[in-house]
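Worksheet for the structure shown next.
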Amino acid sequence: MEVVEKRIRISGVDALSLLGLNDSNLQIISDRFDANIVVRGDSILIKGEEEETRRVEKVFKELMYVLDKTGVLNTDDVLTVVELVSGESSKSGAPDSKDVVVLSAKNDLIKPKTPGQHQFVRAVEKNDVVFAVGPAGTGKTYLAVAMAVAALRNREVQKIVLTRPAVEAGESLGFLPGDLKEKVIPYLRPLYDALDDMLPQDKLKLYVEKNMIEIAPLAYMRGRTLSNSFVILDEAQNASAMQMKMFLTRLGVNSKAIITGDITQIDLPQKSLSGLVEIQKVLNGVDGVSFIYLEKTDVVRHKLVKDIIDAYEKYNNWDGKG
């Protein structure tokens, strides 16, 4: 996509009021949009994709208008304008359920593409704990991370915590090179990849350095209380029953949790009970908890993925008499 640059003159208004104390208003806008925003003297330089740059320009012009008319600008004013501009519908008219945008990412708009994915997004909006169970390729992890990034941008939470069980799938960690962090990075790579698709590299690095985004093995969650956080447990089929209980009891005030997994791909030892299998019975009917079951019809990867899932189902159900 084409990168454009716009310049806004801020002479005639109080720059401190517009940008906020310690640039607090500027930070709100910067967190919500992917365009690069730099203040130079009496000008604001905006650089990014054309549509994103246009929206940031509109935010500043609206805020300058409010400031000029009222003489004051508070945080609620900034948040309101940001939400109004970022939530604008396309020229075709008001959006329906098929046009729900979870996140405006680096290269595209992230939105649910199948009925199951729509159900998943709606469940997260209405519940504090959501389990998304389904086969590979149904977008469970990607949508979960997108919803977490959107919540952080919108200041609904102060932190994102992404975690996975570091199950030794055929290899012992002790035989892998490097320190503990280097050993577990391969298990967490899909989470890094999703974030890399959604955030500019400099912003992702900043969030990680400020500990606003944390990616860690499930074992690191023990003994903690996660408040004001959006927490995702990925590959939950490989969490033991005890680990699942430990994870769910970490939630603090004003936090949401999404737990994703595929119960057909459990890598735990045969005698170990998957926490994702057990929890469906434990939390059945609990208010504030929702279970979403994605199907092969929700697969959004390469068209062959559905055929591969079908082939495995036929193979596993074959009785040898055909």
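The values are calculated or read from the model by the stated rules, or taken from the named source; none is laboratory data. Worth saying up front: this structure is predicted, and the values here are computed from it rather than measured. Glycine gets a Cβ as well: all are built from the backbone with ideal geometry, and neighbour counts include every protein chain shown. Accessible surface areas use protein heavy atoms only, side chains included; no ligands, DNA or RNA. Shrake-Rupley method; radii C 1.70, N 1.55, O 1.52, S 1.80 Å.
The figures follow:
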| item | result |
| --- | --- |
| Subset of the range 269-284 [over 20 Å from residue 116 (Cα atoms) and surrounded by fewer than 13 Cβ atoms within 10 Å (Cβ to Cβ)] | 269, 270, 271, 281 |
| Lone qualifier among 192, 207 - being at pLDDT 90 or above and at negative phi | 207 |
| Selection within the range 20-79 - assigned to a loop (DSSP other than H, G, I, E, B), small (Gly, Ala, Ser) and surrounded by fewer than 16 Cβ atoms within 10 Å (Cβ to Cβ) | 41, 71 |
| Boolean, residue 2 is open to solvent by less than 70 Å² (accessible area, probe 1.4 Å) and under 24 Å from residue 195 (Cα atoms) | no |
| Complete set of residues in the range 107-121 that are out of contact with any strand residue (DSSP E or B) (no Cβ under 9 Å at 6 or more places or on another chain) and free of Cβ contacts under 8 Å to residues at least 24 places away in the same chain | 108, 118 |
| The range 216-225, residues that are open to solvent by less than 10 Å² (accessible area, probe 1.4 Å) and either without any contact (Cβ under 8 Å) to a residue 12 or more places away in the chain or basic (Lys, Arg) (or both) | none |
| Residue 197 vs. criteria part of a helix (DSSP H, G or I), modelled with pLDDT under 95 and either of a type outside the set (A, V, I, L, M, F, W, C) or more than 26 Å from residue 103 (Cβ to Cβ) (or both) | yes |
| Members of the range 226-254 that are open to solvent by 10 Å² or more (accessible area, probe 1.4 Å) and of a type in the set (Gly, Ala, Ser) | 227, 240, 241, 252 |
| Residue list for the range 125-153, restricted to those being in a helix (DSSP H, G or I), touching a Ser or Thr at 6+ places or on another chain (Cβ under 8 Å) and open to solvent by 10 Å² or more (accessible area, probe 1.4 Å) | 126, 140, 141 |
| Within the range 8-19, tally of residues that are open to solvent by 50 Å² or more (accessible area, probe 1.4 Å) and in a helix (DSSP H, G or I) | 1 |
